[in-house]
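J.: Quick one: the structure is below, questions incoming.
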Amino acid sequence: MTAARRRELEEIFGADRVEDTPITRRLYSQDLTALSLVDRRHSADEALPDAVVWPETVHEVSRLLRWASEGKVPVVTYGGGTSLRAATMPSTGAIVCDMKRMKRVTRMDENSMIVTAEAGILGEALQHELRLVGLTLGHFPPAFYGSTLGGFLATRSAGSLSTRYGPIEDMVISLQAVLPDGSIVKTRTAPRSATGPDFNHVFLGSQGTLGIITRASLRCRMAPATRTFAAYKFADWNDGVTAMRLMMRKGLLPAAVRYSDPPETARTFARMEDEPDGNVLVLVFEGHDRRALLEASIAAEIALSCHCTQLGEEAARHWFDHRFAEAYRRSPVLAEDGAYMEVIDTAATWSRLPTLIASLRDALAGEGRQVSLYVANASSVGASVCLTVQGHTPAGEEGKTLQAIWTAALSTIRQGGGTVSYRQGIGPWQIDALKEELGVGYDLLRDMKRQIDPNGIMNPGAFGFDRTS
Amino acid sequence: MKPVLNQHFKSIEFCTYCPKMCRFACPVAEVTGHEADTPWGRQTLMHLVREGHMDFDADVAAAIYRCATCSLCTEYCDHNNKPYEVMLDMRAEAVKEGIEPSEVEEFRQFYSQHNNSYGDNLQARIKTLLPEIYFAKSSQVIFVPSGSHIVHNPSVIQDTFKIFEAMEIDHVSCHVGEVMDTGAHLRELGLMEQYHANAKKLSEALAGYKTIVSGSPTVVYELKVMYPKFGYELTPKIYHVSEFLWPFVRQGRLKVRRRLTQKAIYHDSCRLGRDLGVYDPPRDILREVLAEPPAEFARNREKSECCGGQGAFPWIDQDASIQIAQRRLGEVYESEKRLLVTACPMCERQFRLADEKLDVVDLVSVVARVV
Amino acid sequence: MALSLPAPAAREVVDQLAAIVGPEQVSVAPIDRLTYARDMYTVAIIKHAEGKLEHFPHVIVWPANEDELIRVVKLAPDLGLPVIPFGAGSGVCGGTLPIHGGIMLDVKRLGRIVEINDDDLTVTAQAGINGQVLEMELNRHGYTLGHFPSSIHCSTLGGWVAARSAGQLSSKYGKIEDMLIALRWVCPDGRVYSSPIVPGRSTGPDFDQILTGSEGTLGVCTEATLRICPYPADRRFVAFTFPDVPTATEAMRMMLRNDLRPAAMRLYDALDTMLVGTSGSTEHTQGKSLGDLLQIEQIGNRVRTLAPDLFRKAQRFVAGNAQIANQLELLAKEGCMLILMFEGERELTDYEFEAAVMICERLGGTNKGPKPAIRWFENRHHVSYKMSKVYYNGAFVDTIEVATTWTRLIDLYDAVCAALKPHAFLMAHFSHAYPDGCSIYFTFVTSAADADEAATKHAFIWSLAMKAAGGVGATLSHHHGIGLSKAQYMRDEHGDMMRVYRDIKTVMDDAHRFNPGKMGL
C-alpha cells in the first residue's frame, strides 16, 4: 500500500487501527475453507490484502466505504474468519474491514426481548450478555464460539436449535448497514411491517457484496427453564426421517432434532461410554417444564410408532453438551498431509429428502473415503442434511479430490431438488450450481449488486459477480 | 327507471361500499375474473346509474345480465343483500328501453316460436311419454313436468310415474295444455310482457287442483314464489317431487328390492335448496335406496355452488355457464367414481353439457332403479 | 352529470392485446374501466360514489395463464402504457389506482391450485386464486393455511404477497411473508423469477422477501408456494376483561413471552369493548357481534340507554362530532376485553389454554368464559361488511394499523389517541401480537360534506396519525401496505433505505412502467 493511501486510512482510523504488516496481511488472507487449507499445504501463493482496518463506529465504516468507492479500492468485510466457503478471501489490493471492535450491545430491551448489538460481537459474547438478563438468542451454529453476529447475518446462518428458534434471518427485526458509497441506512424496529419490501433481506445473506452490516436488532426468547432429552434408534434409516416429519407435522417444536447415520453416530458419540450405534435420533426439548415434557411425550409416541427402540436420554444429553464438537473435528484430520475432510450441507423438502440422501450417498461413495451424514434443522416443510466426507489421497491430490467431491455433490443436490447451500454461504466453486438454482434470481442479485455498488468494491468476486459492470 | 333503483337504494349502497366480500361465492366472477362480473361490480354500476353519473346503456344492461341468480352471494352477505333482485328488476327496465343484449331478443323469438324455453312441441311430446290415463283431469294432484326433462331426458318423467305406481300413489295426473312452461326464463331475462301473458294462462290451467308436484325446482319456485309475487296466486299446495314422495317413503310405501351399492354424491340445486329450502327430502330418499349414504360436496346445502344453469344464464353466456359447471365438477373427479345425483333438470343438463361422459342422474331415476 | 371518461386505449392497442389474450379478454368498455378504477381506498370510494374519480385504466386485460401474462408485459413498452397488476381490488391504500392510466393486468384467471403436497405440508397456487376459495380447498383436504385477513372473501393470494398481508390468526401462523416458501414472479421486463422450493437456504439475499411487499412496483406474482398446517383438531376459547389497556397488553406480552401461541389474541380498548358489547352482558348483543362495531345505529342505542342527554347531543351523527363521541369512553365501565383462541393438537391446546388462563388471572383479568371469544370467531369476517353501513350513513371510515415493540406500545397508543381524538371518533384494538411487539388497529369515523372535503379531512387525520406513530418509532403499516395513500410517508419510514428501493426499481423497472406513482418511488 502506498504511503498516501495509508495516510488516508490513518485519518479515518488513527495509526493503531490500520495495519499492513506482512503477518497481518497473511493472517487475514485465510479462512477455514477446506479447499484453500489443503492447497496451502503445497503453495504459499495467495492473494494478500493491502491492509486491515478496525472501525469502532458506523461513521468510520461510512468514511471507509466512501473513501474506497472514490478510489475504487476493494473492501472485504471480516468477522470471525470462520467461513468454510471462502466468504472473506480477499483479492489483491483489498482493504480488510475487521468488524470485531464493533462489538457492543447497544440496547437490551428485556421487555420486548430484543437485543441490539453491533455486527462484530462474537456469538458467545452476545449469548453471554443475554444470559445475564434471562434471555437467549437460541442461535448455536457449530462455529458459535468463533464467529460474529455480522457473519451470521451475511450468510443466513442456522444453528443446531433452529427448529425452535429459527435460522438467523427469522430473528432479525432490523439492521443498520453502510452502503458502498458510505451512506448509512437502517430498517425500523417493529415486529412486522407492510411498508414495501423487507430491506433487511437485501443485506441478509449478501456475504459482504452490498455493503457492511454494522448493527442488528434480534428477537430473543426466554432462557429455557428446563430441558428434556430423548434418543431413539431406528433399524431402518427412512423410518427415522418419517418420525421427524411426523413430529413437525404435529406442531412440536423441539429445540433440536438431529438424526445421524451409523458413521455419523459413531463420530458423534465416540467419546461417550456405552456409545450408541446405528441410526440415532436425538431430541432436545426446552422451555417451560410442562410444555417440554408434554412435547417430549408426544414425540416419544410418534417415534415409537415408527419402529424404533428407545435409547434413554444420555445420548441426547451427550450430543447437546458436545454440540460444537463438529467444529473441532477437522483440525486433527487436516493436520495430516494427504488427508481431507469437507462438510457439505443442503436442505430439501420432506418429499425429496430420502431420495436426495440416498443419491448423495451413492454419488460420494469412494475408495478409502468415509461419508457420514445427519439430518437436522427440521421444519414442517423439510430439513437440512449435513454430510462429512473424509479420506486420504496421495499428497498434492487433495484439492483435486475435493473438487471432484464437490462436483458430484452439487450435481446430485441440483438433481434431487436440494439447495446448493443450507447455512454456510456460497463459495467460488458453487457458483455455477448457484446460478442454476436461482435462475433469473441470480441475474437480479447481480444486477442489484451492480446498481448498489457500481464501482464493484464490496467483496469482489463473491457469488461470481464481476468486479465492475 | 329511477324509482326501481330507489327501491333498492340500501342494497345498492351497501354493495357499492363493500370490499366485495361475496365475490368468491359468485360463480360468474370466479370463472371470468372480471370485476364487472362481481355482485359488487353490477351493483356499483347501478349506483352510478342511480346517481346519474352513468347512462343506463346497452353496456350496462349487458353487465346486469351476467348474473345466474344463484343467490349464493346472499349467503355471504351480512346485510342479507340480494343483488340479483336488483338485476332482475333492471333487466325488465332494459327490455322496456330496448337496450337488452341481443341474446335476450333471440330468446324472445325462440319462446314465441315454441311457446316454451326448450324448443319442440312439449304438449305433443308429453303425450308420447305417458299412457293416456295420466292425462285425465279427474285427479286432485297434478304433476307439472319440466320442459327440460321432456326435451332432454324424458325418462325421468316416466320414472316418476313408475315410482308413483310402485308406491301405489294413483291419484296423480300429468299436466298437458297449451302452456307447458312457467316462463321462468322470460322473467329472468326481463321479458315481463310475455311472462305475464304466459303466467296468466298457466295459473288458470292449474287453478282447480289441490296439489301441484313437479320434478323441476324451477317450476316449483316459479309457481310457488314468483307467480304470487306477480299477482297469480295459486291455491294448490306446491311441492317438489322429493318433498311429495318423502312422506310416502317414510310410511314404508317404497319397496326397495335391493339397495344400490353404487357410491353417490348429491348436488343441491340453487332453486331447490337456497330458494325453496328443500335440503333433506332428497337426501332422506337417497339414504333409503342406497347401500351407503350419499357423499357431500365440501360446499353443500345453503353453501352449495351453482351449476351455471340458473337464471337463464346459459342463454346469455353458454361458455361461462359450462365453465361454472366444470368448476363444480372438480370435486367429483378427484374422488373415487361416484354417481352424481341431483334433483333439478337444469343442473343435470348443465353437468351433462360440461362432461358428456359423466354419470349424472336425477334423484327420481335413482329411485326407479330399485323399485 | 354523467361521468366523462378520458379516451381509452387506441384500437391498435386493443388489437395487439387481443392477439395475445383473445378479444374477449381485453376491454375498453366504460363499465370495465369504471369497475377497475378504484380499490377500497377511502377517498377513492367516496370519489367513485360521487362520480368524481379522475383516473381510469386505458384498457383491462385478463390473461389466462402465465405465458399470456408475460406476453402482455413484454408488449407494454411498445404500447407506451403503464402496467398495474390487479388481484381483487380490496386494498385500502389506493395501491391499484391507475393514476397514470395504463393496462390493468388482472391475474384472477390464474386461479388454480397447482399442488397440495402432503409430505411437505405446502400448497402451490396461482396468484389469482381467491383467498376463501384457497382456504376452503385446503380445508376440504384436511389442511389450513391459517391466513385469515378480514378480506379473505375478497382478496387474492397475489394481493396478499404484494402487500404483506396479515391474517387474524397471525400470532400462531404468522403473516403471509412468514408462510412463503417460494415465489414465481414475472419481472417488468417479462423474465420469470422463480425461487427454489426448499426449507431454507444460504444462497444469497432472499429475493422473495424483496419482491414481497413491492405492491406491483417490481412486477407481478404469478404463483406462490406456502406452508400449510393440518386442520386444527381442537379449539379452545376464552375471554378476559382487564381494567385498562396497559394491564391487558401486559398479559398479552407475558403469554407470548412464555411461548404461548394463541391463534387469536385480540384486545379491544374500553370504547371498542363497550360499543361492540363484547362482554355479552347486555341484551343488544344477542346474536350480534364484534362485527357490528361500526354500526352507527347501535352506537346510538347504546348511548341512548347509558346517557340520554349525551344521546341527544350526539344524535345528529355521533362520528361527526369527534369530541362528543370520544367522551363515550367515560361511560365505558366494562374495561377492555381480551379475546383468546387456541387451536391445534388437543394436548398442546389444553396446555396453552390453561397456562394462558393462569397468566391472565394473575395479572388481574376477569374470566368472561368462552362466549365472547366464540362469538368473535364466528363473526370474524363481518367487520368488512360494516364499512358499507358507515358510508350509507353519510360518514366515512378508515383504519390505521401501526406496530411497534412492547416497550413502546402504550406510548404509541397514547400518541395516536391524543393526536386523533380531537378530530375523529376513534377506537382501537390490539391484534397481531408477537413475542417482540404488537400492532394497534385504530378505526376512525368522521364525516364530510362532499368528496373534496372528505379527501382533505382524511389526509389531515392521516398526517396526524403518521406523525404521532413515527414519533414513537412505530412502523407506519403492519399489514395494509403503502399504495398511494401512504406513499408520502415512505421517506419517514425508511430514510435513506429508499435509495436501495430505488436502486432495485432501476434494475427491474427503470422506466417506472409497473404501477407508477406508488410507494413513494
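J.: Could you check the stretch B:278-296 and list, in sequence order, the residues that are under 26 Å from B:CYS77 (Cβ atoms), surrounded by fewer than 21 Cβ atoms within 10 Å (Cβ to Cβ) and touching a helix residue (DSSP H, G or I) at 6+ places or on another chain (Cβ under 7 Å)?
T.: Matches in the stretch B:278-296: B:TYR279 only.
J.: Quick check on the stretch A:300-318. Is at least one of its residues touching a Cys at 6+ places or on another chain (Cβ under 8 Å), within 14 Å of chain C (Cβ to nearest Cβ) and surrounded by 15 or more Cβ atoms within 10 Å (Cβ to Cβ)?
T.: no
J.: Which pairs have Cβ atoms under 6 Å, sit 6 or more apart or on different chains, and link a residue in the stretch A:311-325 that is touching a residue at least 24 places away in the same chain (Cβ under 8 Å) to one that is open to solvent by 30 Å² or more (accessible area, probe 1.4 Å) and outside any loop (DSSP other than H, G, I, E, B)?
T.: Taking only residues 6 or more apart or on different chains, the pairs are A:LEU311/A:LYS233.
J.: With (1) of a type outside the set (Ser, Thr, Tyr); (2) at the interface with chain A (Cβ under 9 Å from one of its Cβ atoms); (3) closer than 30 Å to C:ILE70 by Cα; (4) touching a residue at least 40 places away in the same chain (Cβ under 8 Å) as the list, and C:PRO435 as the residue in question, which single condition is left unmet?
T.: That leaves (3) as the condition not met.
J.: Pull up the stretch A:254-292, narrow it to residues that are closer than 18 Å to A:ARG361 by Cα and of a type in the set (A, V, I, L, M), then point me to the one that is surrounded by the fewest Cβ atoms within 10 Å (Cβ to Cβ).
T.: It comes out as A:ALA266.
J.: Restricting the search to the stretch C:139-183, which residues are out of contact with any strand residue (DSSP E or B) (no Cβ under 8 Å at 6 or more places or on another chain), open to solvent by 20 Å² or more (accessible area, probe 1.4 Å), of a type in the set (Gly, Ala, Ser) and within 11 Å of chain A (Cβ to nearest Cβ)?
T.: C:ALA163
J.: I'd like to verify a number: residues in the stretch A:214-253 that are more than 16 Å from A:ALA303 (Cβ to Cβ), away from chain C (no Cβ under 12 Å) and either open to solvent by less than 10 Å² (accessible area, probe 1.4 Å) or out of contact with any strand residue (DSSP E or B) (no Cβ under 9 Å at 6 or more places or on another chain) (or both), how many?
T.: 2
J.: Evaluate the following for B:MET21: is it at pLDDT 95 or above, out of contact with any strand residue (DSSP E or B) (no Cβ under 9 Å at 6 or more places or on another chain) and aliphatic (A, V, I, L, M)?
T.: So B:MET21 does not fit the description; no.
J.: Within the stretch A:410-430, can you find the residues that are in a loop (DSSP other than H, G, I, E, B) and at negative phi?
T.: A:GLY418, A:THR419, A:VAL420, A:SER421, A:TYR422, A:ARG423, A:GLN424, A:ILE426, A:GLY427
J.: I would also like to ask the following. Has the stretch C:99-107 got at least one residue that is farther than 19 Å from C:ALA18 by Cβ and open to solvent by less than 20 Å² (accessible area, probe 1.4 Å)?
T.: no
J.: Hey, another quick one. What residue, among those in the stretch A:376-409 that are over 20 Å from the mean Cα position of the chain (by Cα), part of a loop (DSSP other than H, G, I, E, B) and not aliphatic (A, V, I, L, M), is farthest from C:SER202 (Cα to Cα)?
T.: A:PRO394
Matching residues to (1) of a type in the set (Gly, Ala, Ser); (2) touching a helix residue (DSSP H, G or I) at 6+ places or on another chain (Cβ under 6 Å):
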position	(1), (2)
A:ILE357	no, no
A:ALA365	yes, no
A:TYR374	no, yes
A:GLY391	yes, no
A:GLU397	no, no
A:ARG414	no, yes
A:GLY425	yes, yes
A:GLN451	no, yes
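J.: Taking the stated definitions as given, is C:GLU177 acidic (Asp, Glu), out of contact with any Leu (no Cβ under 7 Å at 6 or more places or on another chain) and over 18 Å from C:CYS438 (Cα atoms)?
T.: no
J.: What helices (runs of 4 or more DSSP H) lie completely within the stretch C:447-521 and have 2 or more residues being at the interface with another protein chain (Cβ under 9 Å from one of its Cβ atoms) and over 29 Å from A:SER112 (Cβ atoms)?
T.: C:497-509
J.: Follow-up. Pick out the one residue from A:ARG5, A:ARG26, A:ARG63, A:ARG40 that is open to solvent by 30 Å² or more (accessible area, probe 1.4 Å) and at pLDDT 95 or above.
T.: On inspection, the qualifying residue turns out to be A:ARG63.
J.: Collect the residues in the stretch A:153-199 that are open to solvent by 10 Å² or more (accessible area, probe 1.4 Å), more than 8 Å from chain C (Cβ to nearest Cβ) and within 22 Å of A:PHE463 (Cα to Cα), keeping them in residue-number order.
T.: Residues satisfying the conditions are A:ALA154, A:ASP181.
J.: Let me ask another. Of all residues in the stretch C:108-138, which are surrounded by 21 or more Cβ atoms within 10 Å (Cβ to Cβ), assigned to a loop (DSSP other than H, G, I, E, B) and away from chain B (no Cβ under 14 Å)?
T.: Passing the criteria: C:ASP120, C:LEU121.
J.: Within the group C:SER485, C:SER439, which residue is in contact with a Cys (Cβ under 6 Å, 6 or more places away or on another chain) and open to solvent by less than 30 Å² (accessible area, probe 1.4 Å)?
T.: Selected residue: C:SER485, the only one of C:SER485, C:SER439 that is in contact with a Cys (Cβ under 6 Å, 6 or more places away or on another chain) and open to solvent by less than 30 Å² (accessible area, probe 1.4 Å).
J.: Follow-up question, since we're still on this one. What number of residues within the stretch C:389-421 satisfy the criterion of being within 14 Å of chain A (Cβ to nearest Cβ) and assigned to a helix (DSSP H, G or I)?
T.: So the answer is 7.
J.: Among the residues of the stretch A:327-354 satisfying the criterion of being acidic (Asp, Glu) and modelled with pLDDT of 90 or more, which is surrounded by the most Cβ atoms within 10 Å (Cβ to Cβ)?
T.: A:ASP345
J.: Now for a different question. When the residues of the stretch A:291-336 are filtered to those that are in a helix (DSSP H, G or I) and of a type in the set (Phe, Trp, Tyr), which remaining residue is farthest from A:VAL280 (Cα to Cα)?
T.: A:TYR328
J.: Tell me whether the stretch A:391-414 contains one or more residues that are within 21 Å of A:SER331 (Cβ to Cβ) and within 14 Å of chain C (Cβ to nearest Cβ).
T.: no
J.: So, in the stretch B:45-83, of the ones that are out of contact with any His (no Cβ under 8 Å at 6 or more places or on another chain) and charged (D, E, K, R), which residue ends up farthest from the other protein chains (Cβ to nearest Cβ)?
T.: Per the stated criteria, the residue is B:LYS82.
J.: Only one residue in B:LEU72, B:LEU45 is open to solvent by less than 10 Å² (accessible area, probe 1.4 Å) and more than 23 Å from C:PRO30 (Cβ to Cβ), so which one is that?
T.: So the residue among B:LEU72, B:LEU45 that is open to solvent by less than 10 Å² (accessible area, probe 1.4 Å) and more than 23 Å from C:PRO30 (Cβ to Cβ) is B:LEU72.
J.: Sticking with this structure for a sec: Determine if the stretch A:86-106 includes at least one residue that is crowded, with 21+ Cβ neighbours inside 10 Å and within 11 Å of another protein chain (Cβ to nearest Cβ).
T.: For the stretch A:86-106, residues crowded, with 21+ Cβ neighbours inside 10 Å and within 11 Å of another protein chain (Cβ to nearest Cβ): present.
J.: Tell me which of these A:TRP429 doesn't satisfy, since it passes every other one: (1) free of Cβ contacts under 8 Å to residues at least 12 places away in the same chain; (2) open to solvent by 20 Å² or more (accessible area, probe 1.4 Å); (3) among the hydrophobic types (A, V, I, L, M, F, W, C).
T.: Condition not satisfied by A:TRP429: (1).
J.: Give the residues of the stretch B:35-91 that are of a type in the set (D, E, K, R), farther than 27 Å from B:MET346 by Cα and either touching a residue at least 60 places away in the same chain (Cβ under 8 Å) or not in a loop (DSSP other than H, G, I, E, B) (or both), sorted by residue number.
T.: Within the stretch B:35-91, B:ARG50, B:ASP59 qualify.
The values are calculated or read from the model by the stated rules, or taken from the named source; none is laboratory data. Note that this is a predicted model, so its numbers are computed, not measured. Cβ: placed from backbone, ideal geometry, glycine included. Neighbour counts: every protein chain shown. What goes into the accessible areas is simple: the full protein's heavy atoms, side chains included, and nothing from ligands, DNA or RNA. Shrake-Rupley method; radii C 1.70, N 1.55, O 1.52, S 1.80 Å.
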